[in-house]
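Please read the structure below before turning to the comments.
Read-outs: derived from the displayed coordinates by stated rules, not from any lab. A quick note: this is a predicted structure, and the numbers were derived from the prediction, not measured. Backbone-built Cβ (ideal geometry, glycine too); neighbour counts: all protein chains shown.
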Amino acid sequence: MRKLFIAGNWKMNLDRAKSVDLVRGLADAFRTTTNVDIAVCPPAVYLSEVAGALQGSSIELGAQNVYSKPDGAFTGELSCPMLKDVGCRYVILGHSERRAIFGETDAQINEKLHAVLAAGLIPIVCVGETLGEREAGRTAEVVRGQCRGSLAGLSETQMRATVLAYEPVWAIGTGRTATPDQAEEVHRDIRELLATMFSSETSQQVIIQYGGSVKADNALELLSQPNIDGALVGGASLKVDSFSGIVQAASVVKK
């Protein structure tokens, strides 16, 4: 039985006061929610402030990125020990914006992944195809390649401790959303790949989120798909009403 997991990726949005107000509102909204795992991933400069505001709530803290080394002369980077020190439990790795804008490769994401797991943090590894790749019929090829490269060298135990997020690039911040059938098809294919890379038992335990213009009004249909285990939410995670609507949809889904 896989517990649904909803995470909010705030990206480069909100200021300190708005960040604190948002998590206080979310903490209040989710006081009685126990059947869904929830996390928020604010900008790094607000991690400590948000961690303080989350005290006593069931919402976990996540970071949007990390560097693979534990310390050293890496100006502008953050390490796993630093993220743990401020209260993070999750780290997003390989988001399409990191891949497209900052040129991150599967090999770099894989190096970060091993560092995150070694530090006892939970990685959320993102994969997904562009519109051109989908229109060329290459979705399965691209997503499988990203999975193989990003997850290389993991043991079954490490894979079971890793969250995946399928985010079609063409549906991120565009208002376009993969249909439930389109999303389920890719999620099912990822799970089948995990069965060949690891085992069927491991593949059935891995949480695979969907991301890409997830909103309160489409969340229930997406999350009801058998292989979709939650959502990595962008814009809709920046307001209490919209994010809580997604969590509420998740709370009524029976897996």
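General remarks:
- Under the span-like rule (Cα at least 15 Å along the axis, Kyte-Doolittle mean at least -0.5), DSSP H helices of the chain: 16-29, 106-118, 139-150, 240-251
- The distance between label points at ARG138 and GLU201 comes to 3.8 nm (points 7 Å beyond Cα on the Cα→Cβ vector).
- Segment VAL252-ARG89, length gained on full extension (0.36 nm per residue, minus Cα span): 56.2 nm
- Ranked by the mean number of other Cβ atoms within 10 Å per residue, highest first, peptides 144-153, 232-241 order as 232-241, 144-153.
- DSSP bridge orientation in the chain - percent antiparallel, rounded to nearest 5: 0 percent
- Pairwise FRET efficiency - LYS3 versus GLU192, Cβ, R0 = 22 Å, nearest 0.05: 0.55
- Between ASP28 and ALA118, the contour length at 0.36 nm per residue exceeds the Cα-Cα span by 29.1 nm.
- The alpha carbon gyration tensor of the range 98-239 gives principal lengths a ≥ b ≥ c with a/c below 1.5, which makes the shape rounded.
- LEU131-THR179 pseudo-label distance in nm [points 7 Å out on the Cα-to-Cβ vector]: 1.8 nm
- Relative contact order, percent, the range 5-251 [alpha-carbon distance under 8 Å, six or more residues apart]: 20 percent
- With R₀ set to 30 Å, the beta-carbon distance separating ARG148 from ASP241 gives a calculated FRET efficiency near 0.15.
- When the chymotrypsin sites (Phe, Trp or Tyr not before Pro) in the range 67-153 are filtered for DSSP coil states and for at most 12 other beta-carbon atoms within 10 Å of their beta-carbon, the remaining sites are PHE74.
- Taking the fewest neighbouring Cβ atoms within 10 Å as the starting point, the ordered list for GLU201, GLU167 is GLU201, GLU167.
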